[in-house]
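K.L.:
Structure provided below as C-alpha cells; questions to follow.
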Amino acid sequence: MERSKPQLVASGIVGSNGTLGNEMVFSKFNERTSISLGQFHYETNGFRTNNDQNHDILNAFVQHAVTSKLNVQAELRTRSTDHGIYYRISISILFLWIHKIEFDENSR
C-alpha cells in the first residue's frame with residue numbers, strides 16, 4: 001500500500017466454454033489505519049457435462065496502530081465454491097452417477 005493514497009487494482013479473464021474471472025482489491029492507508037477489501041470470482045461451464053465450476057471469495061482486512069508499540073488487526077473472509085464431478089459405480093455394468101459439490105467457508 002502506498003501512503004495516504006487509495007488504490008484499486010483489478011484484472012479479468014474471458015475464455016471459451018463460458019469462462020469468466022475477475023479480481024479486485026481496494027486498499028487505503030492513512031496515518032495509523034490501513035484497510036484492504038478484495039474479491040475474486042471465477043466461473044466456467046467446463047468442457048464436458050457436469051464439469052462446471054464457480055468460485056467466489058470476499059476478503060476484508062483492517063489494521064490500526066493503537067500506540068507506537070501496539071497494533072490491532074482483524075480479517076474477515078468468505079469463500080463459496082461449487083462444481084460438478086463424475087462418480088463411477090460398477091454393479092454388473094458401469095453406471096455413471098453425476099453429482100454436484102458445494103463448499104462454503106467463512107472466517108472471523
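K.L.:
Quick one: accessible surface of LYS28, probe radius 1.4 Å, all protein chains present, in square angstrom to the nearest 10.
P.N.:
Rounded to the nearest 10, the figure is 60 Å².
K.L.:
Under the rule of at least 5 residues apart or a separate chain, name every residue whose amide H is placed under 5 Å from the amide H of ASP52.
P.N.:
GLY84
K.L.:
Using a 1.4 Å probe, how large is the accessible area of LEU76, given in Å² and rounded to the nearest 10?
P.N.:
Accessible area of LEU76: about 100 Å².
K.L.:
Provide the net charge surrounding ASN54, with neighbours chosen by a C-beta distance below 9 Å and charges set as Lys +1, Arg +1, Asp -1, Glu -1.
P.N.:
-4
K.L.:
Mind grabbing the accessible area of VAL14 for me, 1.4 Å probe, Å², rounded to tens?
P.N.:
Counting only protein heavy atoms, VAL14 exposes about 120 Å² to solvent.
The values are calculated or read from the model by the stated rules, or taken from the named source; none is laboratory data. Note that the structure is a prediction, hence the values are computed from the model and not measured. Ideal geometry is used to build each Cβ from the backbone, glycine not excepted, and the neighbour counts take in all protein chains shown. In case anyone asks, the SASA skips ligands and DNA or RNA and just uses the protein heavy atoms, side chains included. Shrake-Rupley method; radii C 1.70, N 1.55, O 1.52, S 1.80 Å.
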